[in-house]
Each structure stands twice: as C-alpha cells, then as structure tokens.
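*Asks:* Just passing along the structure, written as structure tokens.
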Amino acid sequence: MKKISILLCLSLLMGACSQKKKENQDAEMNRFIGSLLKQMTLEEKIGQLNLPVAGDITTGQAENSDVAKKIKEGKVGGLFNIKGSEKIREVQRLAVEESRLKIPLLFGMDVIHGYETVFPIPLGLACSWDMQAIEQSARIAAIEASADGICWTFSPMVDLCRDARWGRIAEGNGEDPFLGGEIAKAMVRGYQGNDLTQNNTIMACVKHFALYGASESGRDYNTVDMSRVRMFNEYLWPYHAAVEAGAGSIMASFNEIDGIPATANRWLLTDVLRKQWGFNGFVVSDYTGVSEMIDHGIGDLKTVSAKALNAGLDMDMVSEGLPATLSESLEEGQVTEAQIDAACRRILEAKYKLGLFSDPYKYCDQKRAGSEIYTKEHRTIARKIAAESFVLLKDDKQILPLKKQGTIALIGPLADSGANMAGTWSVATKLDRIPGLLEGMKEVVGDKVRILYAKGSNLTEDAELEKRSTVFGRDLKRDERPEQVIINEAVQTARNADVIIAALGESSEMSGESSSRTDIKIPETQRKLLKALVQTGKPVVLVLFTGRPLALVWENENVPAILNTWFGGSEAAYAIADVLFGDVNPSGKLTASFPQNIGQIPIFYNHKNTGRPLAEGKWFQKFRSNYLDVSNEPLYPFGYGLSYTTFNYGAIRLSSDSFNANGELTASVVVTNTGERAGKEIIQLYIRDLVGSITRPVKELKGFEKISLEPGESKTVTFTITPELLRFYNNDLKYDYEPGDFVLMIGSNSRDVQTASFSLQ
Ligand code: NOJ
C-alpha cells in the first residue's frame, strides 16, 4: 500500500514537472514570437500565410524565379512538394540569408504512405488493424522525409468514406469512426514522435477537414450535406482523435458544409476545431481551396480570402488570395490586424515547434539523405507490413498457400508492373526500381518454380479510359492486338501450368484524387480473361489490385481463391509472393464493406435499423426496407478476412451483466487456433445501444485486438466496457451515455458475431 502511494506521488510529481516544463517552453516561444511579430511589417505578416506552388524553383533556377523573389521579400511562408535536401537547403538559404527577418520556410510534401520506401495505400494499411505497424510506417516515412529536407507532411488523411465510387477512399481508413480514430492517432504519433524538435520527426497535417469523404454521388470535390448528429458521432470522430493526439496542423477540405465551403466555414474552423476541441496548431487550405470559393459562388477573390481568414484559416495553399487581397481588406475593415497577427503567429509557432528558428537547415543533412532513405531495414519492414494489409477473401478449396514447385502461369495486365505497386499518392518514390509481381515472385521462389507469364488483356478495352487511369508514370504498355488474340495467347500459356495466378483489377491511378468511378467491377476485358482462365479447369488464384471495394459477385462465385492485395507499396511484389507461398499467413480484415453491386452504395455495417427492418433470416419482405433484386447484405462485410488457418471462438463471458456510471464490466472470449498453421486473428467487439434518446446504429465497433496463435493454441481476449465507451452525441450534441440495455457482440467480422446482453444503470 505504502509502495503504491509512493509510486503515485512520484508519478504526480513527474506529471507536474513536465507540465511546468511545457509552460516554460510555451512562455519562451510566446516571448520569441511576440518580439518577432513586433518587427514584422504587415506585408511580411501576410507573406507568412502564403504557400505558393514552388514553380520554376524546382528546376534549378532558384535565384531568379518569381518565387525566389517573393521569398527574399518575405512573402512566402512555406513551399511544398520539392524533393531533395540539397535543393531544399538552397531554397531555405534564400529565406534565412536573403530576407530581411530571416524567417525560415516550412517545406511540406504529400508523404502519404511512405516516402521512398512505400507502404500500402492507407485503405490497405488500415486492413492490418495493427496500430504498431501503422505507427511504424509513419515513423519510417518521417525518418526518410526528414532526411531529405521535409518537415511537414500532408497526412494523415482521415476522411471517413462509405462510397466506393469515390477514388479517394483509397487514401483513407475506411468506413468506421472508431477504427479511423485509432489509426489517426497512430499516424500522428508516428510522424511527430514525442518531440518535434528532433531532426527525424515531422509535423502532421490532418486532412481534409471536414467530411470530404461524404461527397454526393462519390464524385470528387462534390457537395456534402449531413446532419450534425451524424457529423459528430461518425465523420468528425477521426479528425478529433488526431487533434487529441497533438497533430500540429489541419488542412481544410474542398467541400462545403451547411452551404459554406470548409475553407471559409467559421463554425467548423473556429467554433468546433479551436473552441470545442482546443486545437492550437495552424490551418492550411487545400490546393487552390481559397480561390475555388469563387466557383462555389460565395464571392470574388478578395471576399473569399477575407471570409477564409475570418473563419480561422491561416495559410493559403496556391491561390495567393490571402497575400494578394488582405491588406486591402484590412483597409476596408473586412478583416482586422489582430486576425492577421493570429494567423501569422500560428505559422511562426509551427516553425518554432519544429526547431527551425534554432537551425533552419536541420532537415538538410546530406549524410542522413544518403543513409536513411530506402534502406534495407525500412524495406524489410515495409514488406512485412504489406503482407499484413492483404485480405484473403476466398480460399474454398485450399488452393492457397501454393507449394514452391511445379509450373505457375502468372497472367494479367497488372502482373508485370512495378510502377503500379506503389499505389496512388507515392510522389517521392522512384517508380522504376519497384519490382512488379513477376519479378518479385521469381526472386522469392528462385528456381523451385517455373513461372510462365502472359499479359492476357489490357487494363480496359477503352483506350482513352486506360490513358486516364495510368497517369503519373503508371503506363501499362497497351497491347494493340484484338482482345481475343491477347486472351487466347494467355489461355495457351495457362494450359502449360499447374496453377494460374490472375493479377487483375484496377491500375493504381484508377483510385485516388479525381478518380471516381460509376462502375466498380473489374473492367470487362479483364473479366473476359478471367472467365477464359477459369474455363481451362486449372486452379485459379485471383490476386486482386484495387484502391476501393469492388463488386465481385461473379468472381466470388466462380474463382476458388481471391487474395486482395490493394496496392502494397514498394515491397508489395515480395509480400504477395510471401503470402501466396505461405511464408506469411494472411491476416488482414476489410475496413470498408464490399457491396454486391454499385446500387447498394452507400453501404456500411454501422447503419441504423429503420422502422421497417427485415425479419431475421429474410432477404426480402414486401413493405420492408430492402431491394427487389439483391439482399441488403454486402458481399464481404466490414471486418471480414480469412486465414490459412481456422479460429474457434468460445462463448462470451461477462464479469457481470450490469454496471453503473462509476463501474465497468469485462467481456472475455477464448479464441483457439483450430488449424494447422500459426496465424493472426483480429477479434472485434461491437456494441448496440438498444434504446436511446436518438436512434442508434445496429452495431458499432468499440474495441479490437490482434493476436497470434500457434496451431492448437488458445488465448483469452478481454475487453473492458466502461460508461465512456457508451457515450454518443445526442440531439443537443451533448456527449453522454444513457442508462439502458445493450447488446455486446464479439466476433471475427461485423457479421459473424456472438452476442451477450448487459445494462447500464
Ligand atoms: C490536393 C489534395 O486534395 C491534398 O490531399 C494534397 O495534400 C494537396 N493537393 C497538396 O498536394
């Protein structure tokens, strides 16, 4: 007892000390920035709010370019997407040696899922459900980016999305707020570490604030319209989590909210973000987000720029609306100098927190650039993490894992493309050194397996669509021969093999920004190829590439094995081979539901019940909430994913069936590996609040644990249920729990669960 109270005192003391240290540091920063602000002219203050395109500064003409001139005049706060520590040093030099006040620049970049070592696209990474791995991927990205001059990343992207048509679903974490929040925190921790003044940590920029993933019709940049209850309970959750994790900056989204674009939405950027959530970093617009408000129809450049500043926007990416118009708006009384000061202060604070005033070249260490980027160690970790992101969707006849013997036919337009492995938004990497699946597989199996290859089809029959879908160096070398000739050639090749691997799906640029689709099937020409391969009667494994959930009903019915590999990054080829040949047992689980067809969208597991739900076991009932032609069920539900082994779940054991506001209860389940291989399982906890003051979802993810089990091994997984876990935003947007009855569910995915009941008194 005595020991415990001494420990308690010690930890309180340590807490108080670090609080005091933080207060001192803040006071020091305020003094420094206060005195700097006093020396700044209005023009220089407004200059800090400017994040222009680097333009010709990247072509080696740094000294003479227009941006260089502005930097020397103190009219630029930062630049982005410039690569290379030498180049960045050169540009930084203009700011700190040739501008009047020598204020360093911020250098940002879209370091989204890795830098030169590339990790899976975020939607894939999320399917690992492994917070340590996700944090580690961000850590490595930060180490590499910071070694190359970058101090600020436009990541994590935490936009919740339930619409597979939207191309940018690839960049987020899927459909669930709770999981999205956990991932957001892990990413911020990974980028920022505990100490931003270190030279290998970088500032995170959470985007796109807010609700960008809910665009109407899944069309990029489109309108969003949503109830506040849904916002707070679902879509805003991951951004809030990232803010609580200490993210240093936020990017405003392109879409409108309640009729006002996010970039000029005061309710969003000030009332919610700063006042309610206590965010004290800076807010940057998205690319031309300010000037786009002219097309949104809320005013000319001067008006929208003033509105943005008034709303709480601090930095203008590319539009140069704030720098061009704010002094006039100040004269006219549309904005105040205090507002300009506040925005400028926040940007200077970010530079201070990063330690740029102490050493503006701290990220420009050539030695680090030579030794810490794309290292063997980073690539080994990326290979491991890529394998964790793959989701085994089907393996009916246990075709997988394959034996390292015999002859394999590797067929498909995505079988031999390294450039497509990296996935969308991998701007820093060198695509030409990334191995395609053919190369990676050959390296992994050596001469044990004979590998035959044929392309089999183009990405799509529509040459123009293929062109639009293979931009940024992702060309798939279109084969101009007739479709059937290409297919026949592949079938001939396949006939000489024991097993066929069909590497099909989307190209990497078929998802991502401005890549929405109204048809989410595998393109028709590839499906024809797949049908022809299945007709050979040989076992077929579909290795699927995709940046979004696809509609795969035919494939699910006709292809015995489907491994969804998303776009696994620079080491994906090896990782796919690792999984196909059983060196790694797949363990990923979907974080976005795969619909049966596009008409079911938006489809997500945590929906409401409606007043006319279907009776248990029915898929259609007249005058109930359903469709005439397909059931309400997705093809593959949220949380779904198979393994080469099998797991058995014992009955749920509750420590008690009720608790009160000061109490808690535990729910345990024994999970056993009943197969013959070691494997990992992600155990998921869902809760349903049966009666509320507002309607509640049919289930909500409230916990998960990923465990490893040897064959025959059992582990007990225990979740603690507290009142905190049961809180939600009610109709007055009050965040609280309500006493009543709950159903608790534990299972291997959102559909296959066991249930138990408890009540909160
Ligand atoms: C536009 C995108 O929406 C955003 O995600 C990205 O960070 C910026 N461009 C900068 O490249």
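*Asks:* Given the pairs LYS699/LYS734; LYS608/LYS734; LYS403/LYS538; LYS394/LYS448; LYS403/LYS528; LYS455/LYS528, which are separated by over 18 angstrom at their Cα positions?
*Replies:* LYS699/LYS734; LYS608/LYS734; LYS394/LYS448; LYS403/LYS528
*Asks:* So how strong a dipole does region 391-587 carry about its Cα centre when Lys and Arg Cβ are +1 and Asp and Glu Cβ are -1, to the nearest 20 debye? Spell out each step's value before the answer.
*Replies:* Working: 24 positive and 27 negative charges, 74 e Å.
For region 391-587, the charge dipole is close to 360 debye.
*Asks:* Per residue, how much space in cubic angstrom lies within the convex hull of the C-alpha atoms of region 638-760? Present the calculation step by step, with values, prior to reporting the outcome.
*Replies:* Working: hull volume 11.2 nm³, N = 123.
Value for region 638-760: 91 Å³ per residue.
*Asks:* How far, in nm, would the chain grow between ASP519 and ARG228 when pulled straight, counting 0.36 nm per residue and subtracting the alpha carbon separation? Walk me through the numbers before you get to the answer.
*Replies:* Details: separation 291, 0.36 × 291 = 104.76 nm, distance 3.07 nm.
This chain segment gains 101.7 nm when fully extended.
*Asks:* Determine the percent antiparallel among the DSSP beta bridges restricted to region 40-370, to the nearest 5.
*Replies:* Details: 3 of 20 bridges.
Approximately 15 percent, going by the DSSP bridge assignments.
*Asks:* Antiparallel as a % of all DSSP beta bridges within the chain, to the nearest 5?
*Replies:* On the way: 47 of 85 bridges.
Approximately 55 percent, going by the DSSP bridge assignments.
*Asks:* Let me ask something else about it. At R0 = 30 Å, how high is the FRET efficiency between ARG727 and ARG653 if r is their beta carbon distance? Nearest 0.05 is fine. The partial results should precede the final answer.
*Replies:* Details: r = 25 Å, r/R0 = 0.83.
With a Förster radius of 30 Å, E is 0.75.
*Asks:* To the nearest 10 square angstrom, what accessible area does LYS21 show with a 1.4 Å probe?
*Replies:* For LYS21, solvent-accessible area is about 130 Å².
*Asks:* When ligands, DNA and RNA are left out and all protein chains stay put, how many square angstrom of accessible area per residue does region 132-188 have with a 1.4 Å probe? Intermediate values should be presented prior to the final figure.
*Replies:* Numbers: 790 Å² over 57 residues.
So region 132-188 comes to 14 Å² accessible per residue, rounded to a whole number.
*Asks:* Also: Rg and Dmax of region 381-502 over Cα atoms: what are they, in angstrom?
*Replies:* Cα only, region 381-502: 15.6, 42 Å (Rg, Dmax).
*Asks:* Keeping every protein chain present and rolling a 1.4 Å probe, give me the accessible area per residue for region 391-587 in Å².
*Replies:* 36
*Asks:* Mean separation of Cα pairs under 8 Å and 6+ residues apart, divided by the residue count of the chain: what relative contact order is that in percent? Each step should come with its number before you reach the end.
*Replies:* Values: 1813 pairs, mean separation 97.2, N = 761.
Once divided by the residue count of the chain, the mean separation gives 13 percent.
*Asks:* Continuing with the same structure: Restricting things to alpha carbons, find the Rg to Rh ratio for region 40-370 using the Kirkwood radius for Rh. Walk me through the intermediate numbers first.
*Replies:* Working: Rg = 18.7 Å, Rh = 19.6 Å.
Here Rg/Rh amounts to 0.95.
*Asks:* From the P(r) of region 180-338, could you give the percentage of C-alpha pairs in the tail past 30 Å?
*Replies:* Values: 2012 of 12561 pairs.
It works out to 16 percent of all Cα pairs.
*Asks:* Which one of SER217, TRP237, THR288 has its Cα pushed farthest toward the positive end of the charge dipole of region 181-332, where Lys and Arg give +1 and Asp and Glu give -1 at the Cβ?
*Replies:* The residue sitting most towards the positive pole is TRP237.
*Asks:* With a Förster radius of 30 Å, plug the Cβ-Cβ distance of PHE472 and ARG527 into 1/(1 + (r/R0)^6) and report the FRET value to the nearest 0.05. Don't jump to the answer; show the numbers that get you there.
*Replies:* Numbers: r = 26 Å, r/R0 = 0.86.
E(calc), rounded to 0.05, equals 0.70.
*Asks:* Under the rule of -39500 (n - 2.57) per DSSP H run of 4 or more residues, summed and divided by the residues of the chain, what mean residue ellipticity at 222 nm is obtained, to the nearest 500 deg cm²/dmol? Kindly include the intermediate steps, with their values, before the conclusion.
*Replies:* Numbers: 20 runs with 231 residues, N = 761.
Here the helix-only value at 222 nm equals -9500 deg cm²/dmol.
*Asks:* Ok, one more. Could you work out what % of the accessible surface of region 638-760 is carbon and sulfur, using a 1.4 angstrom probe and leaving DNA, RNA and ligands out of the count? Don't skip to the end; give the middle numbers.
*Replies:* On the way: 2330 of 5300 Å².
The C+S portion of the solvent-accessible surface of region 638-760 is 44 percent.
*Asks:* Compactness ratio of region 391-587: Cα Rg over 2.2 N^0.38 Å, N = residue count?
*Replies:* After normalising by residue count via 2.2 N^0.38 Å, the value is 0.93.
*Asks:* Another one. Using a 1.4 Å probe, what is the accessible area per residue for region 638-760, in Å²?
*Replies:* Details: 5300 Å² over 123 residues.
So region 638-760 comes to 43 Å² accessible per residue, rounded to a whole number.
*Asks:* Further, regarding this structure: What stretch of the chain, leaving out the sites themselves, is the longest with no GluC sites (Glu not before Pro) in a DSSP loop having at most 14 other Cβ atoms within 10 Å? It would help to have the intermediate numbers written out before the result.
*Replies:* Working: sites that count: GLU63, GLU73, GLU332, GLU461, GLU480, GLU616, GLU664, GLU676, GLU713.
Between exposed loop sites, the widest span is 74-331.
*Asks:* In addition: For the chain, which semi-axes, largest first and in whole Å, follow from the square roots of 5 times the eigenvalues of its Cα gyration tensor?
*Replies:* Working: eigenvalues 359, 225, 133 Å².
Here the semi-axes work out to 42, 34, 26 Å.
*Asks:* Quantify, in whole percent, the carbon and sulfur part of the accessible surface of region 517-577 (1.4 Å probe; protein heavy atoms only).
*Replies:* Values: 670 of 1450 Å².
Using a 1.4 Å probe with all protein chains present, region 517-577 comes out at 46 percent carbon and sulfur.
*Asks:* Per 0.36 nm of contour for each residue apart, how much would the distance between GLU332 and ASN194 grow if the chain were fully extended, relative to their Cα-Cα spacing? It would help to have the intermediate numbers written out before the result.
*Replies:* Numbers: separation 138, 0.36 × 138 = 49.68 nm, distance 4.38 nm.
Net length gain for the segment: 45.3 nm.
*Asks:* Given Cβ point charges of +1 (Lys, Arg) and -1 (Asp, Glu) and nothing else, what value in debye, to the nearest 20, does the dipole of region 40-370 about its Cα centre take? List each step's numbers first, then the result.
*Replies:* Details: 33 positive and 46 negative charges, 146 e Å.
Dipole about the Cα centre, nearest 20: 700 debye.
*Asks:* Okay, next question. For region 624-761, with only Lys/Arg (+1) and Asp/Glu (-1) charged at the beta-carbon, what is the dipole magnitude about the Cα centre, in debye rounded to 20? If you can, show how the numbers build up before the last one.
*Replies:* Working: 13 positive and 17 negative charges, 26 e Å.
Dipole of region 624-761, to the nearest 20 debye: 120 debye.
*Asks:* Another question about this same structure. Quick one: of LYS376/LYS404; LYS376/LYS442; LYS404/LYS521; LYS38/LYS353, which pairs are farther than 27 Å apart, Cα to Cα? Please list the in-between numbers first.
*Replies:* Working: LYS376/LYS404 25 Å; LYS376/LYS442 19 Å; LYS404/LYS521 32 Å; LYS38/LYS353 19 Å.
Among LYS376/LYS404; LYS376/LYS442; LYS404/LYS521; LYS38/LYS353, the Cα-Cα distance tops 27 Å for LYS404/LYS521.
*Asks:* So, one more: Of the heavy-atom accessible surface of region 40-370 (probe 1.4 angstrom), what whole percent is carbon and sulfur?
*Replies:* Numbers: 4460 of 9840 Å².
The nonpolar share, carbon plus sulfur, comes to 45 percent.
*Asks:* Name the residue from LEU309, HIS607, ILE103 whose Cα lies farthest towards the positive end of the charge dipole of the chain, charges +1 on Cβ of Lys and Arg and -1 on Cβ of Asp and Glu.
*Replies:* HIS607
The values are calculated or read from the model by the stated rules, or taken from the named source; none is laboratory data. What you see is a predicted model, and the numbers here were worked out from it, not measured in a lab. FYI the Cβ positions are ideal-geometry reconstructions off the backbone, even for glycines, and counts take in every protein chain you see. Calculation scope for accessible area: heavy atoms of the full protein, side chains included, ligands and nucleic acids excluded. Shrake-Rupley method; radii C 1.70, N 1.55, O 1.52, S 1.80 Å.
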